[in-house]
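**Q** Supplied in structure tokens, the structure appears directly below.
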Amino acid sequence: MTALVWVMMGIAVWHFAVWVPDRFWGGIVGAFVVAIIGSVVFGFIVSGASVPSATPPGLVEALIAIPGALIALGASWVYGSRIDGQ
């Protein structure tokens, strides 16, 4: 259940990608994939390389995914900007 929360938070953060120029690697779909992967990987690392079994997951589990999605989106944007040469 916690992994689902991480994925949903990644998608929620991805929605804010419309406020920056679309220079993400792979476009907006690439940003979607990167946000999900970033939130899940970061949540997995912060949780000690395991998925917590708390049912229902708390607010902390949801907040853990936000920095991961932001870092991944930022890296994707920087990489995409360099590829485009802009």
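**Q** Only one of these is at pLDDT 95 or above, within 19 Å of Thr2 (Cα to Cα) and either surrounded by 15 or more Cβ atoms within 10 Å (Cβ to Cβ) or touching a Phe, Trp or Tyr at 6+ places or on another chain (Cβ under 6 Å) (or both): Ala65, Ala69. Name it. Before the answer, list the steps.
**A** Values: Ala65 fails: at pLDDT 95 or above.
Testing whether each residue is at pLDDT 95 or above, within 19 Å of Thr2 (Cα to Cα) and either surrounded by 15 or more Cβ atoms within 10 Å (Cβ to Cβ) or touching a Phe, Trp or Tyr at 6+ places or on another chain (Cβ under 6 Å) (or both) leaves just Ala69.
**Q** Okay, moving on. Restricting attention to segment 1-60, report how many residues are among the polar types (S, T, N, Q), under 27 Å from Ser81 (Cα atoms) and not in a helix (DSSP H, G or I).
**A** Taking segment 1-60 as the starting set, the residues that turn out to be among the polar types (S, T, N, Q) are 2, 39, 47, 50, 53, 55.
This time we only want the ones that are under 27 Å from Ser81 (Cα atoms), so: 39.
Then keep just the ones that are not in a helix (DSSP H, G or I); that gives none.
Matching residues across segment 1-60 total 0.
**Q** Filter segment 13-29 for residues that are more than 14 Å from Leu70 (Cα to Cα) and small (Gly, Ala, Ser); which is most open to solvent (accessible area, probe 1.4 Å)?
**A** To start, the set of residues in segment 13-29 that are more than 14 Å from Leu70 (Cα to Cα) comprises 21-23, 25-29.
Among the residues that remain, those that are also small (Gly, Ala, Ser) are: 26-27.
On the way: Gly26: 59, Gly27: 22 Å².
In this case the residue turns out to be Gly26.
The values are calculated or read from the model by the stated rules, or taken from the named source; none is laboratory data. Quick caveat: nothing in here was measured; it's all calculated off a predicted structure. Glycine gets a Cβ as well: all are built from the backbone with ideal geometry, and neighbour counts include every protein chain shown. Remember, those area values only see protein heavy atoms, side chains included, never the ligands or the DNA or RNA. Shrake-Rupley method; radii C 1.70, N 1.55, O 1.52, S 1.80 Å.
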